[in-house]
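Participant: Here it is, the structure, as structure tokens.
The values are calculated or read from the model by the stated rules, or taken from the named source; none is laboratory data. All figures in this text were calculated on a predicted structure; none of them were measured in a lab. FYI the Cβ positions are ideal-geometry reconstructions off the backbone, even for glycines, and counts take in every protein chain you see. Ligands, DNA and RNA are excluded from the accessible area calculation, which covers all protein heavy atoms including side chains. Shrake-Rupley method; radii C 1.70, N 1.55, O 1.52, S 1.80 Å.
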Amino acid sequence: MQSWQLADWLVALPLTFFVLFGLVVVVQDRHRLGQLCQDGQRLLPRLSRELERGNRAEVLEIGGALGGVVGALVEEGVQLAEHSRSLEDFRGAFAVSRRLSLSRFEGGLYLVRVAALGSLGVSLLGQGFGVGRFLWGGIGAAALVWLGEQILRFQLLRFQQTLERLQLLLSDYWQRLHIQS
């Protein structure tokens, strides 16, 4: 067994940092997105009932109970539905709000991609310095982090579908409000 040289440490430490950083971001964002999807899907039927009844106070209470991104979108969607002049105005304004809420999580995807590329780059750089023992491990670590990115993309897609269902419910609410008046 060969002893570790300075060049080995100069490759191993950044490689470890990039891999751990990428995996921490994946685990943290996946947990948060999964919780948001679960909460949203659990409360959408109740929200639908209250929107059909036109019970604004209960809808806002559900939004407050949800909290976070989904709760804020519920509250903003109710206000937009009440103040928009046309359904197209409402849909456009809510789509912007929905897109802004999704962009909060897309930053995590870029961090994970940087971690994967950093892992790969450090491995290749180590190979250039003659430290070949980390090449396949670095490539495997980059693949693992990239797989984490794909898992995050899937969770983000599920969350986006939840928000689209919320937009449909609020569009129906807009129609009830403005067709009745």
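Participant: Given (1) over 30 Å from residue 6 (Cα atoms); (2) surrounded by 15 or more Cβ atoms within 10 Å (Cβ to Cβ); (3) touching a residue at least 24 places away in the same chain (Cβ under 8 Å), identify the lone condition not met by residue 54.
Facilitator: Failed condition: (2).
Participant: Of the residues 61, 76, only one is modelled with pLDDT of 90 or more and surrounded by 17 or more Cβ atoms within 10 Å (Cβ to Cβ); which?
Facilitator: Working: 61 fails: surrounded by 17 or more Cβ atoms within 10 Å (Cβ to Cβ).
After applying the criteria, what remains is 76.
Participant: Continuing with the same structure: Exactly one condition in (1) touching a helix residue (DSSP H, G or I) at 6+ places or on another chain (Cβ under 6 Å); (2) in contact (Cβ under 8 Å) with a residue 60 or more places away in the chain; (3) open to solvent by 80 Å² or more (accessible area, probe 1.4 Å) is false for residue 127; which is it?
Facilitator: Against the list (1) touching a helix residue (DSSP H, G or I) at 6+ places or on another chain (Cβ under 6 Å); (2) in contact (Cβ under 8 Å) with a residue 60 or more places away in the chain; (3) open to solvent by 80 Å² or more (accessible area, probe 1.4 Å), residue 127 comes up short only on (2).
Participant: Okay, next question. Among the listed residues 118, 148, 137, which satisfies the condition of being surrounded by 14 or more Cβ atoms within 10 Å (Cβ to Cβ), farther than 22 Å from residue 39 by Cα and in contact with a Phe, Trp or Tyr (Cβ under 7 Å, 6 or more places away or on another chain)?
Facilitator: On the way: 148 fails: in contact with a Phe, Trp or Tyr (Cβ under 7 Å, 6 or more places away or on another chain); 137 fails: in contact with a Phe, Trp or Tyr (Cβ under 7 Å, 6 or more places away or on another chain).
Criteria check complete, one pass: 118.
Participant: (1) within 29 Å of residue 179 (Cβ to Cβ); (2) open to solvent by less than 10 Å² (accessible area, probe 1.4 Å); (3) at pLDDT below 90: which one isn't true of residue 108, the others all being true?
Facilitator: So the condition that residue 108 fails would be (1).
Participant: Looking only at the range 6-22, how many residues end up being touching a residue at least 40 places away in the same chain (Cβ under 8 Å) and exposed (fewer than 14 other Cβ atoms within 10 Å of the Cβ)?
Facilitator: The number of residues fulfilling the criteria is 1.
Participant: Here's another thing I want to ask about it. Taking interchain pairs and intrachain pairs at least six residues apart, which have beta carbon atoms under 9 angstrom, with the first residue in the range 83-104 and aliphatic (A, V, I, L, M) and surrounded by fewer than 17 Cβ atoms within 10 Å (Cβ to Cβ) and the second part of a helix (DSSP H, G or I) and at pLDDT 90 or above?
Facilitator: Pairs that qualify, where the first residue is aliphatic (A, V, I, L, M) and surrounded by fewer than 17 Cβ atoms within 10 Å (Cβ to Cβ) and the partner is part of a helix (DSSP H, G or I) and at pLDDT 90 or above, are 87/171; 87/174; 87/175; 95/167; 102/156; 102/159; 102/160; 102/163.
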